[in-house]
Every structure is written in C-alpha cells, then in structure tokens.
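The values are calculated or read from the model by the stated rules, or taken from the named source; none is laboratory data. It should be emphasised that the depicted structure is a prediction, and the values quoted were computed from it without experimental measurement. Note that we place each Cβ from the backbone using ideal geometry, even for glycine, and neighbour counts take in every protein chain shown. We work out accessible area using only protein heavy atoms, side chains counted, and drop any ligands, DNA or RNA first. Shrake-Rupley method; radii C 1.70, N 1.55, O 1.52, S 1.80 Å.
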Amino acid sequence: MSIKQIIFDFFYYLSAGTFISFGVLRQNQLGRRYFIYHGLGIAVIILCSYFFSGQSFLDKEATYWLIASLVFITTFSLTVGYRNRLPLASYFLGVLTILGMLVLEITTTHPYPLHIPLMINLGLSTLLMGFAMNAMCLGHWYLVQPKLSINELKRVCLVLVILIVLRFLFGTLGLYHTIQGKSEGEIYRYLLGNSQGIFVLMRWCWGLLGPLGLAYPIWATVKIRSTQSATGILYVAVLFIMTGEILSLYLASQFGIAL
C-alpha cells in the first residue's frame, strides 16, 4: 500500500466515522446548522482526498462505493430536520456504503486469515477518530448555543470513552500477539532495534495509552458542564488519536499488524 493510499484512507475513515457519530445526536436540540456545516465539511474532505490521492489507485468498484457514500452523506446533510424519512434513510444508507468501503479494502488488499482482525481494527479506528472529532467540534458548538443541553456532549463523550477503552484492549491484544513467543532480549531488540518495532511501540504508547489517560478527565469535565475545559482536553485527545491511527494504518498496510 502506497503513502497516497494511507493518506486517503485516513481522511476518508476520519470523515466516515464523524458522519456515523451523528447518529447519537438529536437534531431538535442542536439545530439543522450543526449537521449542515459539519456534514458538508465531511463531503468536501472526502472529495479533496479523492482528487488529491484516491483517484490514482481506486478501482471502479471502490469509486462507486465512495460516490454512493458521498451522495448519501450530502443528502443527509441537506435534508436533516425535514419531517420525512429521507434524512433517516440517507443516514443508514451512508453508513452501509461506508461499511462496504471498509470490507472492500480489507478483502482486496490482505489475504483471508487477516480479514477479521483487520476489519475490527479499521472499524474501531473509524469510530474512534469520528467520535473524537465530533466531540471536539461539539464542544465548540456550545459557544454558539450556550444554553444547549449538556446531554448531547455527554452522550458523544460516553461513547468516545468506551471506544478508547475498547481500542486500548484490542491494541494491547495485538501487541501481545506481535511479541508472543519472543524472549525478553528479542522483545527488546524488536521494539527498539528496528523500524517496525519502534512504530509498534510508538503506536501503543502514543495512540493507545495516551488517549486512555485522558478518558477520565474528559468525562469528569463534561459531568460538571465545564465545556471549555472538556474541549481543551479533547484537542489533546484528538492529537493522540489521529497520530496513533495513522501509525495503525501504516502497520496494517505494510506489515499486516492489527494494532
């Protein structure tokens, strides 16, 4: 997998996860503007990532799935708030096409035994990046709507904390399988003596342990309705998570490591 494909995957699945995270928010509380601004922003990011990197390697089938997800994301963003079934249908069809892209990528780039762990890995990565980004954006929205119920941010952050814990457990299990069977000296040489091991160590420390350490402060500040403090912590969490998931994409694509 080329660097261009890693870049495209990062931006596509970041955008896709953010769109999926809309499902836990209530439009009647946030208002249409939140979904219009952020939904159309997601569509623009996907388009830019496709034209700058994706079109150089995506085949026809993958392009069709991408176009379909883009159509449904845009339709949802423009129709949300209308009292008909179109926004709900667009949301679920958008999620299905995103899952289709995920399955298509894994099944076409990796041999069969790696399908399940890599699908779980990419699925958790997509959700974690999306909910982290949405939580940070939502924290800023309280500056626009200071009287907005804190329950919206609580709901997103609760799912985010759960995803952080699940991601840590899954990544730690992946690290265990990676170093399983090695002696203490071999583990030391693997983690500190070659580039693959160094990336594995960085991914676990920065991208898994870092967000885990921020999970409680995020939840504690949200509980006391300190939205500005929560948003500041979420900035740091997003930095940890994005860096870690880029490393995860690299390890999965180059070495088949689900971490």
Please compute the per residue accessible area over region 119-220 with all protein chains in place, 1.4 Å probe, rounded to a whole number of Å².
46
Summarise the accessible area of region 50-126 (1.4 Å probe, protein heavy atoms) by the percent that is carbon and sulfur.
72
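Going through the DSSP H helices of the chain, which span 24 Å or more along their own axis at the Cα atoms while scoring at least 1.6 as a mean Kyte-Doolittle hydropathy? List each step's numbers first, then the result.
Numbers: long enough: 3-21 (27 Å, 0.98); 32-52 (30 Å, 1.18); 60-79 (28 Å, 0.99); 86-109 (34 Å, 1.65); 115-144 (43 Å, 1.21); 151-179 (42 Å, 1.46); 227-255 (40 Å, 1.22).
What comes out of the filter, once short or polar helices are dropped, is 86-109.
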Any idea how far the Cα center of region 1-29 sits from the one of region 217-259, in Å?
14
Once the in-chain neighbours fewer than 8 apart are removed, the lysines whose Cα is under 26 Å from LYS60 read LYS4
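Which whole number in µm²/s is D for region 77-174 by Stokes-Einstein, with the Kirkwood Rh taken over Cα pairs at 4 °C and 1.567 mPa s?
On the way: Rh = 15.9 Å.
After rounding, the answer is 82 µm²/s.
Which trypsin sites (Lys or Arg not before Pro) in region 173-204 pass both tests, a DSSP loop state and at most 16 other beta-carbon atoms within 10 Å? Walk me through the numbers before you get to the answer.
Working: sites: LYS182, ARG189, ARG203; in loops: LYS182.
Qualifying residues, ordered by number: LYS182.
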Net charge, PHE131 excluded, C-beta distance under 14 Å - Lys, Arg +1, Asp, Glu -1:
+1
Hey, which aspartates and glutamates would be in cross-link range of LYS223, C-alpha to C-alpha under 16 Å, not counting anything within fewer than 8 residues on its own chain?
GLU152
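I need the shape label for the chain. Rule: rounded when a/c is under 1.5, else prolate if a/b > b/c, else oblate, with a, b, c from the alpha carbon gyration tensor. Could the numbers behind the result be given before it?
Working: a/c = 2.36, a/b = 1.29, b/c = 1.82.
Oblate is the answer for the chain, as a/c is 1.5 or above yet b/c matches or exceeds a/b.
If you roll a 1.4 angstrom probe over the protein chains with everything in place, what fraction of the accessible area of region 142-258 belongs to carbon and sulfur, to the nearest %? Walk me through the intermediate numbers first.
Values: 3960 of 5820 Å².
Accessible surface attributable to carbon and sulfur in region 142-258 totals 68 percent.
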What's the percent breakdown of Cα-Cα distances in region 9-76 across 10 Å bins, shortest bin first?
20, 52, 21, 6, 0
